[in-house]
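Written out below as structure tokens is the structure these notes cover.
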Amino acid sequence: MTAVKKNWLIATGLVVAILATLIVSLNLGVIRISPIEILNTFTGNGDGQNEMVLFHFRLPRMVIAILIGAAMAVSGSILQSVTQNDLADPGIIGINAGAGFSVILYLFFFQGNAFEGTDLSVFLMPIASLVGSTVAAVLIYAISWKNGVSPMRLVLVGIGINSAFAALIIIFQLKMDPKDFTRATVWLSGNISGTDWVYVLTLLPWVLVLIPLVIMKAGTLNTLHFGDEVAAGLGAAVERERRILLLIAVALAGASVSVGGGIAFIGLVVPHLARKLVGSMHGALIPIAALMGALLLLVADTVGRNILAPSEIPVGLVVSAVGGIYFVYLLMKS
């Protein structure tokens, strides 16, 4: 079997797995809906309760999980290639924390109005998040610069920036009223409960535009993955391309954080798993990572929503439970 056929087979298998998980997840919950009832509802023959549960609560939440999972996985893939560091992840090197701090500032100054989910507030949150994630990335890049950017120095500086933003987040959280403090805490833990189609429309353009753009830059990522000297020898404008790709990674992570909060480790774990399946060539790696990220977060949300029903575990905590173990494994391996 050729590599191309193998990659298409893997991609098809992941799409089938996502669809199967969607069906199972639509069925599970406090209100159980059988596959036949799901089919009837989608064909317009279901009852009002099932229609509300499926179309207003479960389905938009699942679409959000798919979009965030894909965006975070691609963001992590970019960062690992650009920094040439297998431990790079937007949640570890401070990009998520910068985005989170910016959104916390936005929520703090709006005094809870942004939590009400009005169209304007929801659409402004990714912009606020992008500002914070960009500031974090610029700080990381500037402090890391010393006759170029050392991949290890960039990650270490990122960890320091992550800690600084985490402290600032806590300071502003403590100044919120108790209701907003609780909401912000849940959101920061990585929570997509209560998301609706407005949130989908907020995140969808970022994913539809930026992920295809990354796939178009697969050749550049391939050269950067082999080091700056090799990339420069092949004619790549190393620093310019690195900045462009970092900006794309920052935008994907920032948009995801604005909707789902601090969901970490997707960008760390998924690129490693994808490379084991299809290798390091980014023309195949990026689409497979996007599909794997979507599947992983969808499964994690289904588990978090049902394992302690009617209570829920934020999807970010479910992912962290698995991702944290994998992170320790990678540290021991390296």
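Counting only residues that are modelled with pLDDT of 90 or more, under 16 Å from the mean Cα position of the chain (by Cα) and over 24 Å from residue 98 (Cβ atoms), give me the helices (runs of 4 or more DSSP H) lying completely in the stretch 254-334 with at least 1 of them.
Hits in the stretch 254-334: 266-278, 282-306.
Among the candidates 86, 47, single out the residue that is within 30 Å of residue 144 (Cα to Cα), modelled with pLDDT under 85, among the acidic types (Asp, Glu) and surrounded by fewer than 19 Cβ atoms within 10 Å (Cβ to Cβ).
None of the others qualify; the one that does is 86.
Is it the case that some residue within the stretch 181-202 is surrounded by 16 or more Cβ atoms within 10 Å (Cβ to Cβ), basic (Lys, Arg), modelled with pLDDT of 85 or more and within 21 Å of the chain's Cα centre (by Cα)? The answer is no; no qualifying residue exists.
Restricting attention to the stretch 219-243 and to residues that are surrounded by fewer than 16 Cβ atoms within 10 Å (Cβ to Cβ) and outside any loop (DSSP other than H, G, I, E, B), the residue that is modelled with the highest pLDDT turns out to be 219.
Being assigned to a helix (DSSP H, G or I) and crowded, with 24+ Cβ neighbours inside 10 Å is a property that holds for residue 70.
Within the stretch 92-106, the set of residues being within 12 Å of residue 249 (Cβ to Cβ) and either of a type in the set (D, E, K, R) or not in a helix (DSSP H, G or I) (or both) comprises just one member, 93. Residues that are of a type outside the set (Ser, Thr, Tyr) and touching a residue at least 24 places away in the same chain (Cβ under 8 Å) within the stretch 301-310 comprise 301, 305, 306, 309, 310, listed in sequence order. For the stretch 145-180, filtered to residues that are modelled with pLDDT under 80 and in contact with a Leu (Cβ under 8 Å, 6 or more places away or on another chain), the residue that is nearest to residue 225 (Cα to Cα) is 155.
Scanning the stretch 74-84 turns up one or more residues that are under 27 Å from residue 303 (Cα atoms) and hydrophobic (A, V, I, L, M, F, W, C). Determine whether residue 7 is polar (S, T, N, Q), buried (at least 16 other Cβ atoms within 10 Å of the Cβ) and modelled with pLDDT under 85. The answer is no for residue 7.
Answer yes or no: is there a residue in the stretch 198-210 that is among the aromatic types (Phe, Trp, Tyr) and out of contact with any helix residue (DSSP H, G or I) (no Cβ under 6 Å at 6 or more places or on another chain). Checked against the condition, which is being among the aromatic types (Phe, Trp, Tyr) and out of contact with any helix residue (DSSP H, G or I) (no Cβ under 6 Å at 6 or more places or on another chain), the stretch 198-210 yields no hits at all.
Go through the residues of the stretch 55-68 one by one and say whether even a single one is among the hydrophobic types (A, V, I, L, M, F, W, C) and more than 17 Å from residue 195 (Cβ to Cβ). The answer is no; no qualifying residue exists.
The values are calculated or read from the model by the stated rules, or taken from the named source; none is laboratory data. Bear in mind the structure is a predicted one, so any value in this text is a computation, not a measurement. Counting neighbours? That spans all protein chains shown, and the Cβs are built from the backbone with ideal geometry, glycine included.
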